[in-house]
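Report on the following structure.
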Amino acid sequence: AAPRPRACHGWQVSMKSGSLSYILPCNRLPVQLMSQVRVYTSNGQKKDLGSEDTNGSAHGETLHKVETGQDTTNAGQKQSSPKQPVQVKVKAVLKKREYGPKYTQNNFITGVRAINEFCLKSSDLDQLRKIKRRSPHDDTETFTVYLRSDVEAKSLEVWGSPEALARERKRRKEAEIKYKENLFRNQRLLWEYKEFFGNTKPRSSTAAMFFKGPGKVVMVAICINGLNFFFKLLAWVYTGSASMFSEAIHSLADTCNQALLALGISQSARSPDPSHPYGFTNMRYIASLISGVGIFMMGAGLSWYHGIIGLLHPHPVESLLWAYCILAGSLVSEGATLLVAINEIRRSARAKGLSFYQYVVQSRDPSTNVVLLEDAAAVLSVAVAATCMGLTSVTGNPYYDSVGSLGVGTLLGTVSAFLIYTNTEALLGRSIEPEQLQRLTELLESDPVVRAIHDVKATDMGMSKVRFKAEVDFDGRVVTRSYLEKQDIEQLLQEIQQVKTLEELEAFMLKHGENIIDTLGAEVDRLEKDLKQRNPDVRHVDLEIL
């Protein structure tokens, strides 16, 4: 046994110089603990990375004597100390596997992608391993996928080399482009054929949209405003009244804008495609926005222009009897269209649980809103035009008629500004009502699998379609318990007891770890389905896992 050194508490007096004493630190500290790390690979090999001295082992080879005299005289009297056991802490860790910047060996791929991207046939996939996975679609429970590595190997077997596969992809891409060109040409020929021989195809769902709801309101408004424009134009030609000219321009603007609304309704019924995955619903808002701009430029602008010209260059107005008759008929027809739009909005607002004012301001149905506001402005403008024309006929002053034209233009400008504002807000993607957002949040937080939710966003995509997004902190213990409830516990215990080696442990953890991740995905699907069922307005749900 080596002689035990003198205990040191970290400081000692080493020298004197004159009247000053220097206290120097001692580098001789006791060694008590050592640790050792062993790294295990997945094939059972282990590697000793050596030992670590937690108190510094550089001084373990030699012991530095400080008090020389005392150590020399007392050397024979010191007794040898017994050996103390060295504590070694072994830490077993699994060696980290390097996957590289791109790793696709465990990726799954659908049969459609395998055929399209790797130029295979359906018969080629019959020889590959088929794996059943949880389907991302609501209408199916599971679907079949293939290992990407198997598909890549099969494509190389079929085509011989990556270069040959690339050439085949290029050839198919060119054929696809040519097919689309031919398809466009055939569609144009088919359209010309239908125009020449007539279309005997049954009425489509798009055409049926114009016989109910907003489509019906728009079609009624087109017919009535077209007739009003024709008769008002005749009255202006006969009388030369500036107010009657403004009314004719107003009816023409309404007819053109409502034709644009009809186009927007028909386009919004188109099915989603790869270029527009969320559909064409916003075409109604786009048509309403263009309609508002058209009212401002065509209706308000021409009315102001004609009124200003009448003030600068007044001219006498002819007999206004026919003008009054046409205005009376216009008042009746515009009032009837206004009542149709009001009844439609009341019915839709009642179905959504909103007031009439909230439904109009939030622009829930832009097409009906445009008809409502245009007809309301038409009724008011008829009253303004009739009043100013009456003053002109009583006083003989044509300035009242020009002022009426300016009043109609101002009324149209106000309506157009409101339409531009509400439709722009809808296209920008505004948030839903705070009460509705709170209900969605409480529904998620009340679920036992959810710990907390963060960064909640709910956007109104238009036409009562809501997109909901949130980052969810899931409770891993609840998810794991949900997985265990579906397992045979006795069989699971037997599997645990049979784990003896590192390879068996790794296989056990990988198997059940993947199953728990699948369980988490199923929980996400369940939450999304519950949100859509309890809130029909919610069409798209994005839950991100924290």
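The values are calculated or read from the model by the stated rules, or taken from the named source; none is laboratory data. Being a predicted model, the structure only gives us computed values, none of them experimental. Cβ atoms come from the backbone with ideal geometry, glycine included; neighbour counts cover every protein chain shown. In case anyone asks, the SASA skips ligands and DNA or RNA and just uses the protein heavy atoms, side chains included. Shrake-Rupley method; radii C 1.70, N 1.55, O 1.52, S 1.80 Å.
Just a few scattered comments:
- Per-atom-type breakdown for the stretch 480-520 gives carbon and sulfur 58% of the accessible area (1.4 Å probe, protein chains only).
- Checking the cross-link pairs K121/K180; K457/K532; K486/K532 against a 18 Å limit on the alpha carbon distance flags K121/K180; K486/K532 as lying beyond it.
- The alpha-carbon of K154 sits under 18 angstrom from the alpha-carbons of these aspartates and glutamates, leaving out residues fewer than 8 places away in its chain: E117, D124, D126, E163, E168.
- The fraction of accessible area contributed by carbon and sulfur in the stretch 94-183 is 51 percent, rounded to a whole number (1.4 Å probe; ligands and nucleic acids excluded).
- Cut-off 13 Å between beta-carbons: net charge of the residues surrounding G462, Lys and Arg +1, Asp and Glu -1: +2
- Cross-link pairs exceeding 29 Å between alpha carbons, from the set K216/K352; K96/K511; K232/K352; K102/K465: K232/K352; K102/K465.
- When you filter the chymotrypsin sites (Phe, Trp or Tyr not before Pro) in the stretch 241-299 for DSSP loop state and at most 13 other Cβ atoms inside 10 Å of their Cβ, you are left with Y278.
- Surface accessible to a 1.4 Å probe, F508 within the full protein complex, Å²: 40 Å²
- Sparse-neighbourhood loop sites, GluC sites (Glu not before Pro) in the stretch 340-445 - DSSP loop, at most 16 other Cβ within 10 angstrom: none
- Per residue, the stretch 395-531 exposes an accessible area of 55 Å² to a 1.4 Å probe, with every protein chain left in place.
- Placing one equal scatterer on every Cα of the stretch 216-428 and applying the Debye formula, the log10 ratio I(q)/I(0) at q = 0.08 Å⁻¹ is -0.29.
- When K154, K178 are compared by accessible area of protein heavy atoms, the largest-first order is K178, K154, using a 1.4 Å probe.
- Antiparallel DSSP beta bridges within the stretch 434-545, as percent of all bridges there, nearest 5: 55 percent
- Accessible carbon and sulfur surface of the stretch 216-428 relative to its total accessible area, %, 1.4 Å: 73 percent
- Viscosity 0.692 mPa s, temperature 37 °C, Stokes-Einstein D of the stretch 102-194 from Kirkwood C-alpha radius, µm²/s: 210 µm²/s
- Net +/- balance of residues flanking L147 in space, Cβ distance below 12 Å, scoring K and R +1, D and E -1: +3
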